[in-house]
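Just below is one structure, and these are the notes that go with it.
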Amino acid sequence: MPAGPVAEAEEPRGVQPKTARGEATRRAILDAAERVIGAKGFSEASIGAITREAGCAQGTFYIYFKSKEEVFSELVLEMGRLVRRALTQATANIPDRLDAEKAGLRGFLDFVAAHPDLYRIIQEALFVDPAAYRAYFSSFAEGYRSALADAEAAGQIRPGDCDVRAWALMGIARALGERAVIWEDRTPVAEVVDAAHDLIVHGLQPRGDKP
């Protein structure tokens, strides 16, 4: 997921408010659901716990969402939208592909560190909402593949299978995000990015300057 344009996200799910107050209430429910589901997991999180966290009546939840499943799916979409925004900002005005990879990975890991509950929800989506999980990663892969193909055509990276490369690079970012959030690794992000970027640029093959 680190860099490059991606396909547009789906439209938000649930009822869309017509007033600023309604939007604020819906936003409060989503934020509360992020915290509660991220902390407890989908099965243990109840609508009552979400509305208590949001500071609203339980009936208010059903004005905007039909079920806990629907609010969960909306959070998966939310993660996609926010990651896209973070990566766009992190890689803005960086024309070189390898530089953009490094900046994008840093932007992604910084985002994950700031939104650990949302990242846990993405991990759980594989089991709770497999279709949303598949769409989340497939949309990133589509844009990533295109960006790598453009970089290859421009001579910025050597020729190769851009589809496999996109998924492999996404896998690096996903695993490092999981290491930071799920396994609570405290290695400074800059050190993680430097090590991962060295692998991306140079691979595992010994360098030619070694005796």
Some residue of region 112-123 being closer than 28 Å to GLY41 by Cα, open to solvent by 40 Å² or more (accessible area, probe 1.4 Å) and over 15 Å from the mean Cα position of the chain (by Cα) = no
inquiry  = Regarding region 53-61, can at least one residue be identified that is over 17 Å from LEU77 (Cβ atoms), surrounded by 14 or more Cβ atoms within 10 Å (Cβ to Cβ) and of a type in the set (Asp, Glu)?
reply    = yes
ask   = Does ARG81 qualify as being charged (D, E, K, R) and touching a residue at least 24 places away in the same chain (Cβ under 8 Å)?
value = yes
request  = Mind listing whichever residues of region 62-78 are open to solvent by 10 Å² or more (accessible area, probe 1.4 Å), closer than 13 Å to SER43 by Cα and touching a helix residue (DSSP H, G or I) at 6+ places or on another chain (Cβ under 7 Å)?
outcome  = LYS68
note = Being more than 15 Å from LEU98 (Cα to Cα), of a type in the set (D, E, K, R) and surrounded by 12 or more Cβ atoms within 10 Å (Cβ to Cβ) narrows GLU184, GLU178, GLU152 down to just GLU178
message = Cβ-Cβ distance below 7 Å, separation of 6 or more or different chains: which pairs start in region 126-148 with a residue that is among the polar types (S, T, N, Q) and end on one that is surrounded by fewer than 18 Cβ atoms within 10 Å (Cβ to Cβ) and not in a helix (DSSP H, G or I)?
response = SER139/ALA7; SER146/PRO5
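The values are calculated or read from the model by the stated rules, or taken from the named source; none is laboratory data. Please read all numbers here as calculations on a predicted model, not as lab measurements. Positions of Cβ are backbone-derived with ideal geometry, glycine not excepted, and every protein chain shown enters the neighbour counts. Ligands, DNA and RNA are excluded from the accessible area calculation, which covers all protein heavy atoms including side chains. Shrake-Rupley method; radii C 1.70, N 1.55, O 1.52, S 1.80 Å.
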